[in-house]
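The values are calculated or read from the model by the stated rules, or taken from the named source; none is laboratory data. In this text the structure is predicted, and so the values were computed from the model without any measurement. Heads up, the Cβs are rebuilt from the backbone with ideal geometry, glycines too, and the neighbour counts pull from every protein chain shown. The area values use the complete protein model at the heavy-atom level, side chains included, leaving out ligands, DNA and RNA. Shrake-Rupley method; radii C 1.70, N 1.55, O 1.52, S 1.80 Å.
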Amino acid sequence: MAKAKTPADLAITPRDRRFGRGVERARWWLNGDPVATAFYNALSVTFPKGEGFFIDSVRKFRAGTPPRLEAEINAFIKQEVIHTREHVAFNRHVTDQGYDIRPLEADVDAQLALTKDRPPIGSLAATLCLEHFTAILAHALLADPRHLEGAEPEAAAMWRWHAIEEIEHKGVAFDTWMHATKDWSRWQRWRIKSFVMLITTWRFFDGRRRGILELLRQDGLTGPRIWAKLAWYAFGNPGLARKVAGQWFAFFLPGFHPWNHDDRALINKADSDYAAAVMA
């Protein structure tokens, strides 16, 4: 088993915060932009059931882990449970604006159904891949304030809070995988996780594309011009999808570990900025 590279002084801290309760939100809450709003709304719809999947996948391998990893798994589960609650509340705002998110939820159900008869180690592999996605998206979100520029304050605070914790626990699923596959060869471990990442990447981007376009369709926005605007938003400016490309490729390198890229400075900055906003 390769030596884990999670920082020894890392603290995974569940922050039990609530956002947007009793607040009316505009239909296009992110800078009045329907494309930007649909981007985050569609992503949020995936989280309640998706994070339940992450919890179940990791929890099945908790028994027998070293005490430190067991504690990190427990903290990871607490964070994800709170994330689920807050995205349920966020998604309620989405439906309050008249959007029908049932097609997006049905798509998530269909994707999760594909894992039901698979070995638990396969679900853990999918989880570590998706956790890498959420971590690199979280990094990009916090590193460039333009992504949430013009957003309604409570919505922006929720996304920053979620991003902080995604970075904080980004190594948990990977370390659990390393422990669960400790008797595998390095080649076998790399081959399986790389194959799963390629499948996961296609399903992730295709699912989010379809979800975003469905929400835009409900806004009456369809056709090639909207497709072009979405592509430019994701890969051009501000280009959240483009900015994660380097760290996505890093996943396939020998010796990869999520904490090879130590970005805890973003956690400290975002956490302090959020605290300052609350105190203001």
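What is the distance, in nm, between label points placed 7 Å from the Cα along the Cα-to-Cβ direction at Ala143 and at Arg17?
If labels sit at Ala143 and Arg17, their model points lie 2.1 nm apart.
Can you give me the relative contact order of the chain as a percent, contacts being Cα pairs under 8 Å and 6 or more apart?
Numbers: 281 pairs, mean separation 84.3, N = 280.
The value is 30 percent.
With springs connecting C-alpha atoms under 10 Å apart, model the chain as a Gaussian network and identify which of Met197, Met178, Met158 has the largest mean-square fluctuation.
Met178
How compact and how long is the range 1-117, expressed as Rg and Dmax of its alpha-carbon atoms in Å?
Computed over the Cα atoms of the range 1-117, radius of gyration and Dmax are 17.4, 51 Å.
May I ask you to order 16-29, 240-253 by the average number of other C-beta atoms within 10 Å around their residues, highest value first? Provide the component values of the computation, followed by the final result.
Working: 16-29: 13.6, 240-253: 15.1.
Ranking, from highest mean packing down: 240-253, 16-29.
Just to confirm the number: angle between the C-alpha axis of helix 102-113 and the first principal axis of the chain, 0 to 90 degrees, nearest 10?
So the inclination is approximately 10 degrees.
Would you work out what percent of the accessible area of the range 171-280, with all protein chains in place, is carbon or sulfur (probe 1.4 Å)? Provide the component values of the computation, followed by the final result.
On the way: 3910 of 6050 Å².
Carbon with sulfur: 65 percent of the solvent-accessible area.
Using only Cα atoms, tell me the angle between helix 186-218 and the longest principal axis of the chain; keep it within 0 to 90° and round to the nearest 10.
Rounded to the nearest ten degrees, it is 10.
Can you sort Trp202, Trp159 by solvent-accessible area, 1.4 Å probe, largest first? Can you show the working numbers first?
Working: Trp202 170, Trp159 10 Å².
The ordering from most to least exposed comes out as Trp202, Trp159.
For the chain, what does -39500 (n - 2.57) per DSSP helix run (n ≥ 4), summed and divided by total residues, give at 222 nm, in deg cm²/dmol to the nearest 500?
Values: 11 runs with 188 residues, N = 280.
The per-residue figure over the chain is -22500 deg cm²/dmol.
Give me the compactness ratio for the chain, meaning the Cα radius of gyration over 2.2 N^0.38 Å. Could you put the intermediate results ahead of the total?
Details: Rg = 18.4 Å, N = 280, 2.2 N^0.38 = 18.7 Å.
This ratio for the chain stands at 0.98.
Using a probe radius of 1.4 Å on heavy atoms only, what accessible surface per residue do you get for the range 203-280? Whole Å² is fine. Please report the intermediate quantities before stating the final value.
Details: 4380 Å² over 78 residues.
I get 56 Å² per residue for the range 203-280.
Can you give me the % of accessible surface on the range 64-144 that is carbon or sulfur? Probe 1.4 Å, all protein chains present, nothing else counted.
On the way: 1970 of 3370 Å².
With neighbouring chains kept in place, the figure for the range 64-144 is 58 percent.
What accessible area per residue comes out for the range 13-84, rounded to a whole number of Å², with a 1.4 Å probe?
On the way: 3120 Å² over 72 residues.
Each residue of the range 13-84 exposes 43 Å² on average to a 1.4 Å probe.
Does anyone have the angle between helix 34-59 and the longest principal axis of the chain? Alpha-carbon axes, 0 to 90°, nearest 10?
30 degrees
Can you list, largest first and rounded to whole Å, the semi-axes you get for the range 213-264 by taking the square root of 5 times each eigenvalue of its Cα gyration tensor?
Output for the range 213-264: semi-axes of 33, 10, 10 Å.
Determine the per residue accessible area of the range 123-172 with all protein chains present and a 1.4 angstrom probe, expressed in square angstrom. It would help to have the intermediate numbers written out before the result.
Details: 1160 Å² over 50 residues.
Normalised by residue count, the accessible surface of the range 123-172 is 23 Å².
Taking the full set of protein chains and a 1.4 angstrom probe, give the accessible area of Asp109 in square angstrom, rounded to the nearest 10.
70 Å²
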